[in-house]
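J.: Below is the structure I would like to discuss, written out as structure tokens.
The values are calculated or read from the model by the stated rules, or taken from the named source; none is laboratory data. What you see is a predicted model; the values in this text were computed from it and never measured. Don't worry about glycine lacking a Cβ; one is built from the backbone with ideal geometry, like all the others, and counts go over all protein chains shown. Please note that ligands, DNA and RNA were not included when accessible areas were found on the heavy atoms of the full protein model with its side chains. Shrake-Rupley method; radii C 1.70, N 1.55, O 1.52, S 1.80 Å.
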Amino acid sequence: MTINTDSSLLDLLPHRPPMLLLDRLVSVSNNAAQAEVAISKNSPFFIAGKGVPAWISIEYMGQTAALIAGYQLQQGTVEPHTGFLLGTRKLSAQTSWFPESTDLIVSCNELAVVGDSLATFDCQVKDKASDALLAQTKLSVFRKLSNT
């Protein structure tokens, strides 16, 4: 199987296939990011006849939030760190499955950073074709500085 990964994702994220779940970087800035996910039979966690479970969207959103941290690191606005997903608040999914041949747009906006250690993000997953909201949540991420 050939994995066709957008190389700009590899520049910003520590994730690598098969656990790099995003397919393409759409945009990234110091406090926002968007990425695409193309659901196919080759997608991690794909189940024939159903697709990818919607709860995997938590990882799609987490990796999209990590794009912001990767960009901030490249820009020199943050120190090197490892991000740990602490949890989600108000996860809402309008579907149980993302079916094959669905293209998703995953968006994350950094809402707040408390000191150097805690960040929160407002995230959502939409169907690229219809712009329908499929899932949304707020993520809490702990940032552990690499030198501590």
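J.: When only residues in region 77-87 that are open to solvent by 60 Å² or more (accessible area, probe 1.4 Å) and not aromatic (F, W, Y) count, which is nearest to A32 (Cα to Cα)?
T.: T77
J.: Before we move on, is L73 closer than 29 Å to W97 by Cβ and surrounded by fewer than 17 Cβ atoms within 10 Å (Cβ to Cβ)? Steps first, answer last, please.
T.: Numbers: closer than 29 Å to W97 by Cβ: no; surrounded by fewer than 17 Cβ atoms within 10 Å (Cβ to Cβ): yes.
In short, no.
J.: Among the listed residues A38, A69, which satisfies the condition of being within 14 Å of the chain's Cα centre (by Cα), closer than 16 Å to S8 by Cα and among the hydrophobic types (A, V, I, L, M, F, W, C)? Reasoning before the result, please.
T.: Working: A38 fails: closer than 16 Å to S8 by Cα.
Among A38, A69, only A69 is within 14 Å of the chain's Cα centre (by Cα), closer than 16 Å to S8 by Cα and among the hydrophobic types (A, V, I, L, M, F, W, C).
J.: For the subset of region 129-148 comprising residues that are farther than 19 Å from A66 by Cα, hydrophobic (A, V, I, L, M, F, W, C) and over 16 Å from the mean Cα position of the chain (by Cα), which member is least open to solvent (accessible area, probe 1.4 Å)?
T.: A132
J.: Something else: Identify, please: which residue in region 88-121 is on the phi > 0 side of the Ramachandran plot and touching a residue at least 40 places away in the same chain (Cβ under 8 Å) and is, among those, surrounded by the fewest Cβ atoms within 10 Å (Cβ to Cβ)? Even if it seems obvious, please write down each step before you answer.
T.: Just the residues of region 88-121 that are on the phi > 0 side of the Ramachandran plot, to begin with: 90, 101, 115.
Those still in the list that are touching a residue at least 40 places away in the same chain (Cβ under 8 Å) too: 90, 101.
Working: K90: 8, S101: 11.
Among residues in region 88-121 that are on the phi > 0 side of the Ramachandran plot and touching a residue at least 40 places away in the same chain (Cβ under 8 Å), the one surrounded by the fewest Cβ atoms within 10 Å (Cβ to Cβ) is K90.
J.: Cβ-Cβ distance below 6 Å, separation of 6 or more or different chains: which pairs start in region 19-32 with a residue that is closer than 18 Å to F121 by Cα and free of Cβ contacts under 8 Å to residues at least 40 places away in the same chain and end on one that is open to solvent by 40 Å² or more (accessible area, probe 1.4 Å) and in a strand (DSSP E or B)?
T.: S27/Q34
J.: While we're here: Please find, within region 4-37, the residue that is farthest from N109 (Cα to Cα) out of those that are among the acidic types (D, E) and surrounded by 14 or more Cβ atoms within 10 Å (Cβ to Cβ).
T.: Here is the first cut: in region 4-37, the ones among the acidic types (D, E) are 6, 11, 23, 36.
Now drop any that are not surrounded by 14 or more Cβ atoms within 10 Å (Cβ to Cβ), which leaves 6, 23, 36.
Working: D6: 21, D23: 19, E36: 15 Å.
Only one residue tops the list, namely D6.
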